Amino acid sequence: MTVFEKAERLKQLPPYLFKEIDRKKKEVMARGVDIIDLGVGDPDIPTPPHIIQALKKAADEPQNHRYPSYSGMSAFKETVAQWYGERFGVTLDPAKEVITLIGSKEGIAHFPLAFINAGDIVLVPSPGYPVYRIATLFAGGEPYTMPLLKENYFLPDLDAIPDEVADRARIMVINYPNNPTSATADPAFFSKVVAFAKKHRIIVCHDAAYTEMAFDGYKPPSFLEVEGAKEIGLEFHSLSKTYNMTGWRIGFAVGNPGGIEGLSAIKSNVDSGVFQAVQLAGIEALRGDQSCVDEMVRTYQARRDEMVKGLREMGFEVTSPKATFYLWVQVPGGYSSTSFAARLLEEAGLVVTPGNGFGEPGEGYFRIALTKRLDRLSEALARLNVLRF
Ligand SMILES: *Cc1c(COP(=O)(O)O)cnc(C)c1O
């Protein structure tokens, strides 16, 4: 036994399903193939200049060089509350109902530590962002899969959750607009979630990273808009996708003061907050000129249209998404998610994400991230066409 024998919490992690794709990608790259990577959900567009300027200015101020407040600068939390009021009509107390996060992933990952005891259940969507399940395991909880299926418009079927499971559950995670399926949810669905959560005494965590990345004039709702949501729920938000700030590490959670307090108690023992200069840049992002958001939406909308049209012409089954920069596409007959993704990589130099990597109910699908320029997407379509599915 090595001194670095891993702890059980690491050993219990599900096998990393992208390992094989990662290995193949290296191999294909080594052959000198011009790879088009539509795998990662990371914007290819730079952060808008006025936000970068705000960071530069704030970085020069010595008062920003010290430890920040653990739960976030008051000015940032007030900005978030104001933005929620204007965007969603949701009223928040910036002191008790808002917390700054080092990206929403950080908050989502730490949240179960505050509320989950050994053996408690967390209801997690599948296919889904892998953090929900893994954070549950790290906290000693038991993930219970809520499958997201096409016949239910990729919404969890709450009636299918057995009562004894619901009664042992302490948290439910939902995520709309959704990664990876790009499905959206309306307030009527959120109301059903509130009723379910109240009946079974469950905390609802809504991951809302994609509310601003929506097309054709659609404005996705906040979970907190619906009656009673704040009594049981929190929403996790991010500047990453809205303002092309994935590398900056800033997000926030809002909602029930008890939920925020628990998360804050964990975080104050783990990290020491977000660099104030980054929070000041975040204020500029949320308060400044929003035409950069309109432009981001126009860019992805054009990419979506190009890609959906091209895929359909080749006979692929794909819904044109109302939101997110993902296409969730059915693999053609005769392939599994993995064998399809492997063939695209080997024969066309195209990286897509096999759907089963997001959980077993994602089998039969692959995900395309629209994070490349139009000319590269056209090239990807041309290469796909050559393969003749
Ligand atoms: C990108 C993404 C996030 C955002 O993560 P950050 O840590 O804020 O960068 C959260 N949830 C989902 C589902 C995402 O796809």
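The values are calculated or read from the model by the stated rules, or taken from the named source; none is laboratory data. None of the values given here were measured: they were computed from a predicted structure. Here the Cβ positions follow ideal geometry from the backbone for every residue, glycine too, while neighbour counts run over all protein chains shown.
Residue by residue, here is whether (1) away from the ligand (no atom under 16 Å from the Cβ); (2) touching a strand residue (DSSP E or B) at 6+ places or on another chain (Cβ under 7 Å); (3) small (Gly, Ala, Ser) holds:
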{"position": "34", "(1), (2), (3)": "yes, no, no"}
{"position": "42", "(1), (2), (3)": "no, no, no"}
{"position": "45", "(1), (2), (3)": "no, no, no"}
{"position": "50", "(1), (2), (3)": "yes, no, no"}
{"position": "55", "(1), (2), (3)": "yes, no, no"}
{"position": "62", "(1), (2), (3)": "yes, no, no"}
{"position": "72", "(1), (2), (3)": "no, yes, yes"}
{"position": "77", "(1), (2), (3)": "yes, yes, no"}
{"position": "81", "(1), (2), (3)": "yes, yes, yes"}
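When segment 335-363 is filtered for residues that are surrounded by fewer than 17 Cβ atoms within 10 Å (Cβ to Cβ) and of a type in the set (Gly, Ala, Ser), the ones remaining, listed by number, are 336, 339, 342.
Quick check: anything in segment 218-229 buried (at least 22 other Cβ atoms within 10 Å of the Cβ), within 23 Å of residue 361 (Cβ to Cβ), assigned by TED's automatic domain parsing to the domain that holds residue 103 and out of contact with any helix residue (DSSP H, G or I) (no Cβ under 6 Å at 6 or more places or on another chain)? For segment 218-229, residues buried (at least 22 other Cβ atoms within 10 Å of the Cβ), within 23 Å of residue 361 (Cβ to Cβ), assigned by TED's automatic domain parsing to the domain that holds residue 103 and out of contact with any helix residue (DSSP H, G or I) (no Cβ under 6 Å at 6 or more places or on another chain): absent. A Cβ distance below 8 Å, combined with a sequence gap of six or more or placement on separate chains, defines the contacts here; from segment 81-93, residues that are of a type in the set (Val, Ile, Thr) reach residues that are part of a loop (DSSP other than H, G, I, E, B) in the pairs 90/222.
Listed by position, the helices (runs of 4 or more DSSP H) inside segment 274-389 whose residues that are free of Cβ contacts under 8 Å to residues at least 40 places away in the same chain number at least 1 are 291-313, 337-348, 374-387. The residues listed here are 154, 111; of these, the one that is within 15 Å of the ligand (Cβ to nearest atom) and at positive phi is 154.
Looking across segment 217-239, just one residue is part of a helix (DSSP H, G or I) and within 16 Å of the ligand (Cβ to nearest atom), and that is 223. The condition (being surrounded by fewer than 22 Cβ atoms within 10 Å (Cβ to Cβ), within 16 Å of the ligand (Cβ to nearest atom) and assigned by TED's automatic domain parsing to the domain that holds residue 144) is satisfied by just one residue among 214, 195, 183, 208: 214. Within the set 165, 122, the sole residue that is among the aliphatic types (A, V, I, L, M), touching a Ser or Thr at 6+ places or on another chain (Cβ under 6 Å) and free of Cβ contacts under 8 Å to residues at least 60 places away in the same chain turns out to be 122. Scanning segment 121-159 for residues that are within 14 Å of residue 111 (Cα to Cα) and either hydroxyl-bearing (Ser, Thr, Tyr) or modelled with pLDDT under 95 (or both) gives 132, 136. Just one of the listed residues (28, 40, 3, 33) is without any contact (Cβ under 8 Å) to a residue 12 or more places away in the chain and either not in a helix (DSSP H, G or I) or not basic (Lys, Arg) (or both), namely 3.
Is one or more of the residues making up segment 185-199 free of Cβ contacts under 8 Å to residues at least 12 places away in the same chain and within 22 Å of the chain's Cα centre (by Cα)? Yes - at least one qualifying residue is present in segment 185-199. Among the numbered conditions (1) among the hydrophobic types (A, V, I, L, M, F, W, C); (2) touching a residue at least 40 places away in the same chain (Cβ under 8 Å); (3) more than 15 Å from the ligand (Cβ to nearest atom); (4) buried (at least 18 other Cβ atoms within 10 Å of the Cβ), the only one that residue 149 does not meet is (4). Here is the figure for segment 77-96: residues that are of a type outside the set (A, V, I, L, M, F, W, C), buried (at least 18 other Cβ atoms within 10 Å of the Cβ) and over 13 Å from residue 237 (Cα atoms) total 2. State all residues of segment 37-60 that are among the hydrophobic types (A, V, I, L, M, F, W, C) and under 27 Å from residue 325 (Cβ atoms); if no residue qualifies, say none. Within segment 37-60, 38, 40, 45, 51, 52, 54, 55 meet the criteria. Screening residue 188 with (1) surrounded by fewer than 23 Cβ atoms within 10 Å (Cβ to Cβ); (2) touching a His at 6+ places or on another chain (Cβ under 6 Å); (3) among the hydrophobic types (A, V, I, L, M, F, W, C) gives one miss only, at (2). When the residues of segment 240-265 are filtered to those that are within 16 Å of the ligand (Cβ to nearest atom) and β-branched (Val, Ile, Thr), the one that is surrounded by the fewest Cβ atoms within 10 Å (Cβ to Cβ) is 246.
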